[in-house]
Amino acid sequence: MNITEIRIKLVGDPQDKLRGFASITIDGELVVRDIKIIEGGKGLFVAMPSRKLHDRCPQCSCKNPLRARHCNDCGRRLRDQRGAADERGRVRLYADIAHPIHQDGRDHLQRLIVEAYEAELVASQREGYVAARFDDLDYHEFDAP
C-alpha cells in the first residue's frame, strides 16, 4: 500500500479524546476520509471511518439508530439491545466503511497517520501557522486550534 498523501485536521478541544481527522490518498488514486485520531489510554490510535447502524421499526418500518428508544416516525417504544453483539457482548453501534484487511496494514497506516498528526501538531505551535484548507472535505464544523 503506497500512501501518497496524508492530510491532518486538528481538533482544538483538549477535553475531548478526538484529536483530529486524517484523510489519506492511496497510490494517488483513492482517498479515504474521516479517519479519526483518538487519544486512548495507551496513547494515540486511529479509528477508521464508520457509519451508525440502524434497524427498522416493527410498526412503521422507519429506519432508526440502534440507540434510539422510540421510533423517529411513529413514536413507538423500541426494544433495547436490538443489534448484534460484538466479541465482548456489547451491541455493535457502528460499522467500518473502510478498513485494513491485515494487522500489518493497520499498524503501517496507524504509524504513518500518527506521525503526520504529530508533525502537524508541532507545526501548529509555530508563529504564523496557517492550517491547511479542507474545502473539499466535510470538516467545516470543527475548528483548528
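Only the coordinates and a few stated rules stand behind these numbers; no lab work does. Since we're looking at a predicted model, the values are computed, not measured. Here the Cβ positions follow ideal geometry from the backbone for every residue, glycine too, while neighbour counts run over all protein chains shown.
Among the listed residues 44, 10, 18, identify the single one that is in contact with a strand residue (DSSP E or B) (Cβ under 8 Å, 6 or more places away or on another chain) and buried (at least 18 other Cβ atoms within 10 Å of the Cβ).
10
I'm told residue 64 meets every condition in (1) surrounded by 12 or more Cβ atoms within 10 Å (Cβ to Cβ); (2) not in a strand (DSSP E or B) except one. Can you identify the failing condition by its number?
Condition (2) is where residue 64 drops out.
Please work out which residue is nearest to residue 26 (Cα to Cα), limiting yourself to the range 75-111 and to residues that are hydrophobic (A, V, I, L, M, F, W, C) and more than 16 Å from the chain's Cα centre (by Cα).
101
Suppose we filter the range 76-92 for residues that are of a type outside the set (Lys, Arg) and surrounded by 12 or more Cβ atoms within 10 Å (Cβ to Cβ); how many remain?
The total comes to 3.
Scan the range 31-55 for residues that are of a type in the set (Lys, Arg) and within 28 Å of residue 4 (Cβ to Cβ) and jot them down.
Step one: filter the range 31-55 for residues of a type in the set (Lys, Arg), giving 33, 36, 42, 51-52.
The answer is 33, 36, 51.
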